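What follows is a single structure, written as structure tokens, with notes after it.
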Number of protein chains: 2
Amino acid sequence: MDRKINCPVEVTLSLIGNKWKVLIIRDLLEGTKRFGELKKSIGSISAKVLTSNLREMEEEGLINRKVYAEVPPKVEYSLTETGYSLKSVLDSMYSWGESYKEVKGRV
Amino acid sequence: MDRKINCPVEVTLSLIGNKWKVLIIRDLLEGTKRFGELKKSIGSISAKVLTSNLREMEEEGLINRKVYAEVPPKVEYSLTETGYSLKSVLDSMYSWGESYKEVKGRV
DNA sequence: CGGTATCCTTACAGATACTG
DNA sequence: CAGTATCTGTAAGGATACCG
């Protein structure tokens, strides 16, 4: 039982332990998106919060940020290989959410 | 694409979308625990925060709370069937965390 | 032992205005 | 378009004291 010394679950939490990061991953799993697209697809997030989460995730090696030297500016975000590997986690969250809804609906 | 209208990932987030709840599930997956044991095994959580999270999770049908009519008091927490089914999510978080550590260690 | 009540401090997040 | 700067409100969380 290595739970105490750097439990892997806590490692994962430290990287995607907030709601916004999970939603960012979810939306980038569909493919590369521009800043504005991402903001729109997440829905209720502000530019400030989106930016700060993206910066952190970039630092942690989960996403790529590609800036085009154009006017008006164009910035594309995509998942790195590491970021994409989070698909397994998101998939299990998706499945669980679905069956939870089913159970609740049945009440 | 039903992402907009009640995405299952968001459903899951709404139930275990905070760090503490994930850790509570993780520790209860080992089996029934008393309040004090749970508090100790999670580590840095305060009684107030632990109590409020447990209450919410009880309400949502993820955990059971069993009170023994004894002095001194004894209260045991365990996962419901629904709560236990979150093991799949925790498992994938565990695996991902492990491989992330490996990748980072290799740098 | 397993909480509650209270106070207090910060982290998180929304709104708005502005810029390269 | 893709941010940054600033200001502000709110809620999460820690510390402490106390209770059944």
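Counts of other chain beta carbons within 10 angstrom of each beta carbon in peptide A:84-92 average 5. Extension gain, A:GLU70 to A:LYS101, is 6.7 nm, computed as 0.36 nm per intervening residue step minus the present C-alpha separation. By the rule of a C-alpha distance below 14 Å, with chain neighbours fewer than 8 residues away ignored, the aspartates and glutamates paired with A:LYS74 are A:GLU37.
Taking all protein chains as shown and a probe of 1.4 angstrom, A:ARG34 keeps an accessible surface of around 100 Å². With both labels modelled 7 Å from their Cα along Cα-to-Cβ, the B:THR80 to A:TYR84 distance reads 3.9 nm. What net charge do the residues around A:SER52 carry, taking every other residue with its C-beta under 14 Å from that of A:SER52, with Lys and Arg at +1 and Asp and Glu at -1? Surrounding charge for A:SER52 is +2. In nm, to one decimal, how far is the modelled label at A:ASN6 from the one at A:SER46, with both set 7 Å along Cα→Cβ? In this crude label model, A:ASN6 to A:SER46 measures out at 3.6 nm.
To put it simply, the accessible area of the protein assembly as shown at a 1.4 Å probe is 52 percent carbon and sulfur.
Going by the alpha-carbon gyration tensor, a ≥ b ≥ c the square roots of its eigenvalues, is the range B:8-104 rounded (a/c under 1.5) or, if a/c is not under 1.5, prolate (a/b greater than b/c) versus oblate? Prolate, because a/c is 1.5 or more and a/b exceeds b/c.
The alpha carbon centroids of the range A:52-69 and the range B:18-51 are separated by 33 Å.
Rounded to the nearest 0.05, the FRET efficiency derived from the C-beta distance between B:GLU30 and A:ARG55 at R0 = 35 Å is 0.45. Across the cross-link table entries A:LYS19/A:LYS40; B:LYS39/B:LYS101; A:LYS101/B:LYS66; B:LYS21/B:LYS104, which are compared at the Cα atoms, the separations over 18 Å belong to B:LYS39/B:LYS101; A:LYS101/B:LYS66; B:LYS21/B:LYS104.
The values are calculated or read from the model by the stated rules, or taken from the named source; none is laboratory data. The shown structure was predicted, so the numbers you read here are calculated from the model rather than taken from an experiment. For neighbour counting, all protein chains shown are included, and Cβ atoms are generated from backbone atoms with ideal geometry for every residue, glycine included. The protein model used for the area step is the full one, side chains on, heavy atoms only, and it has no ligands, DNA or RNA in it. Shrake-Rupley method; radii C 1.70, N 1.55, O 1.52, S 1.80 Å.
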